[in-house]
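Read the structure below first, then the notes.
The values are calculated or read from the model by the stated rules, or taken from the named source; none is laboratory data. Because the structure is a prediction, the values reported are computed rather than measured. Here Cβ is always computed from backbone atoms with ideal geometry, including for glycine, and neighbour counts include all displayed protein chains.
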Amino acid sequence: MKKYVVEGGNPLFGEVHISGAKNAAVAIIPAALMVNGVCRIENIPRISDVSLLLSILQDLGAGVRSINSNTVEIDCTHVRNAKVPYDSARRCRASYYLIGSLLGRFGMADVALPGGCDFGGTRPIDQHLKGFKALGAAVEVQSGFINAYAIQGSRLTGANIFLDKVSVGATINIMLAAALADGLTVVENVAKEPHIVDVANFLNSMGADIKGAGTDVIKIRGVKELHGGTYSIIPDQIEAGTYMAAVAACGGQIKVCNIIPKHMDCITAKLLEMGVEVEEIDDSLLVRRIGPLIKTNIKTMPYPGFPTDMQPQVAAVLCLAQGTSIITESVFSSRFRYTDEFKRMGAQIQVDGNLAIIEGVHHLTGAQIQACDLRAGAAMIIAALAARGTSEITGVQYIERGYEDVIEKFRKLGGTISAVEIPEENEALSVG
Ligand code: EPZ
């Protein structure tokens, strides 16, 4: 086990290069299962969720070859096993994409129910299962496994599906299952996140016929099979937003490089309201905060609204803004568990259901704090870097699920942060 030790109170200066998008990578790797050939995937982030999914594919019989630190070749030509054991699937929420890809390729899937971040509240997958059933699959959940199979032969059949709720996971999972189905599938009320477009582009580069990703309606015309090819994953919108929030909280000036500025619009707009300066330069953003932070109100929404995955990070910034800010979490039933940790640092936050009311304070002070999920963990780093004094962050395994080289990247920006090994038994003690 390890903890991060952070000396806060200094502004950030320098350049940070954004890695490939985690939420695209964790869908594209399962999608490679559908390809009869070699997929060369570039700009893949070196994060633990990616490593786990690659090892699951190997357990299923796929060939996985690392070409360099951010490029991998996956060959699923000879995969025939469609069962994913509990001890693998439970460690990564994105393992649910294996259902859609195995069902799409083989007409059957037997995958343990997913695990992943626990913000509190439930994270159902009823819309995923609704889509599979509409495509002609029988689906049953028993003994912690989702067992699904095509009722007619070994292929699914295209269908019209209207999602009851805008869901990233369901949108992608249905796209996967329908890519090799017989006929046309039309999915409405879909999510429009950049990573959904990326998964559709990946599948199309392998021979699929998917139109409309990024809009409210996606049309998937099933094809006989997918061939191999090469694909490069888009930059991570949330990783980029995390570093933008960090310089907003700490002050200073950083250049966030290798991004798609359009994807950042929803985050940039809110930072501008808070008194942060943002200048677009080609595929980078120059982000500067010199003066005081100004309070603002934020409501998380599906893309192109303000992303829920940026909610904890921007809360860390608002803890230091002048005035009272209100955050409304409208995507998940609750995602404010992390605020107790900020209170240990002197933050003034009241949580009432899906509302957080934040009274800005002059400064935060370092403390022992614990990450409870991936984005909360990133927010802990931001708060610790902005705080006066020393902080110790535990639960860092959550952070390393989704942030490549997070220590090195913050150090290059002038952050004083290091990873310290702690004995397993102390892990419980240090989190109190
Ligand atoms: C994906 O989770 C992301 N995870 C999450 O990012 C992200 O917060 C979320 O999308 C929203 O953008 C991955 O991509 C691996 P949803 P997902 O289905 O697919 C409800 C991170 O930090 N819902 O869009 O699980 C659900 O409970 C992670 O990178 C149903 O009711 O999110 C939630 O309230 C955290 N039934 C809302 O919809 C369903 O069948 C949105 O969930 C599915 C979802």
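Anything in region 212-234 that is out of contact with any strand residue (DSSP E or B) (no Cβ under 8 Å at 6 or more places or on another chain) and not aliphatic (A, V, I, L, M)? List them, or say none.
GLY214, THR215, LYS224, GLU225
Please enumerate the residues belonging to region 1-18 that are touching a Lys or Arg at 6+ places or on another chain (Cβ under 9 Å), surrounded by fewer than 24 Cβ atoms within 10 Å (Cβ to Cβ) and on the phi < 0 side of the Ramachandran plot.
Of everything in region 1-18, those that are touching a Lys or Arg at 6+ places or on another chain (Cβ under 9 Å), surrounded by fewer than 24 Cβ atoms within 10 Å (Cβ to Cβ) and on the phi < 0 side of the Ramachandran plot turn out to be PRO11, GLU15, HIS17.
From the list SER55, SER88, which residue is surrounded by fewer than 17 Cβ atoms within 10 Å (Cβ to Cβ) and touching a Ser or Thr at 6+ places or on another chain (Cβ under 8 Å)?
SER55
State yes or no: is GLY136 under 16 Å from VAL223 (Cβ atoms) and more than 12 Å from the ligand (Cβ to nearest atom)?
Criteria not met by GLY136.
Just checking, which of ILE161, ILE146 is within 16 Å of the ligand (Cβ to nearest atom), in a strand (DSSP E or B) and farther than 20 Å from ALA89 by Cα?
Just one listed residue meets the conditions, ILE161.
Among GLN311, GLN322, GLN253, which is the only one that is outside the structural domain of ALA213 (by TED's automatic domain parsing) and in contact with a Gly (Cβ under 8 Å, 6 or more places away or on another chain)?
GLN322
How many residues does region 193-211 contain that are within 19 Å of PRO304 (Cβ to Cβ) and touching a strand residue (DSSP E or B) at 6+ places or on another chain (Cβ under 8 Å)?
Count: 5.
Do we find that LYS130 is within 16 Å of the ligand (Cβ to nearest atom) and touching an Asp or Glu at 6+ places or on another chain (Cβ under 9 Å) in this structure?
The answer is yes for LYS130.
Show me the helices (runs of 4 or more DSSP H) entirely contained within region 167-254 in which 2 or more residues are within 16 Å of the ligand (Cβ to nearest atom) and farther than 30 Å from LEU385 by Cβ.
The qualifying helices (runs of 4 or more DSSP H) are 168-178, 194-205.
If you go through region 243-250 one residue at a time, do you hit one that is in contact with an Asp or Glu (Cβ under 9 Å, 6 or more places away or on another chain) and crowded, with 20+ Cβ neighbours inside 10 Å?
Taking every residue of region 243-250 in turn, none turns out to be in contact with an Asp or Glu (Cβ under 9 Å, 6 or more places away or on another chain) and crowded, with 20+ Cβ neighbours inside 10 Å.
Among VAL420, VAL396, VAL406, which is surrounded by fewer than 16 Cβ atoms within 10 Å (Cβ to Cβ), assigned by TED's automatic domain parsing to the domain that holds ALA245 and hydrophobic (A, V, I, L, M, F, W, C)?
Going through VAL420, VAL396, VAL406 in turn, just one is surrounded by fewer than 16 Cβ atoms within 10 Å (Cβ to Cβ), assigned by TED's automatic domain parsing to the domain that holds ALA245 and hydrophobic (A, V, I, L, M, F, W, C): VAL420.
So is LEU271 aliphatic (A, V, I, L, M) and in contact with a helix residue (DSSP H, G or I) (Cβ under 8 Å, 6 or more places away or on another chain) or not?
So LEU271 passes the test.
Go through region 278-389 and tell me which strands (runs of 3 or more DSSP E), entirely inside it, have 2 or more residues that are away from the ligand (no atom under 16 Å from the Cβ), under 30 Å from LYS165 (Cβ atoms) and modelled with pLDDT of 95 or more.
Where strands (runs of 3 or more DSSP E) fall fully within region 278-389 and carry at least 2 residues being away from the ligand (no atom under 16 Å from the Cβ), under 30 Å from LYS165 (Cβ atoms) and modelled with pLDDT of 95 or more, they are 324-328, 348-352, 355-359.
Which residues, taken from region 89-125, are modelled with pLDDT of 85 or more, under 29 Å from CYS372 (Cα atoms) and among the hydroxyl-bearing types (Ser, Thr, Tyr)?
Answer for region 89-125, where residues must be modelled with pLDDT of 85 or more, under 29 Å from CYS372 (Cα atoms) and among the hydroxyl-bearing types (Ser, Thr, Tyr): SER95, TYR96, TYR97.
Read through the list (1) of a type outside the set (Asp, Glu); (2) over 29 Å from ARG91 (Cα atoms); (3) surrounded by fewer than 16 Cβ atoms within 10 Å (Cβ to Cβ), then give the number of the only condition that ILE358 fails.
(3)
Please state which of the following conditions HIS128 fails to meet, knowing it meets all the rest: (1) more than 24 Å from ALA179 (Cβ to Cβ); (2) at pLDDT 95 or above.
The failed condition is (1).
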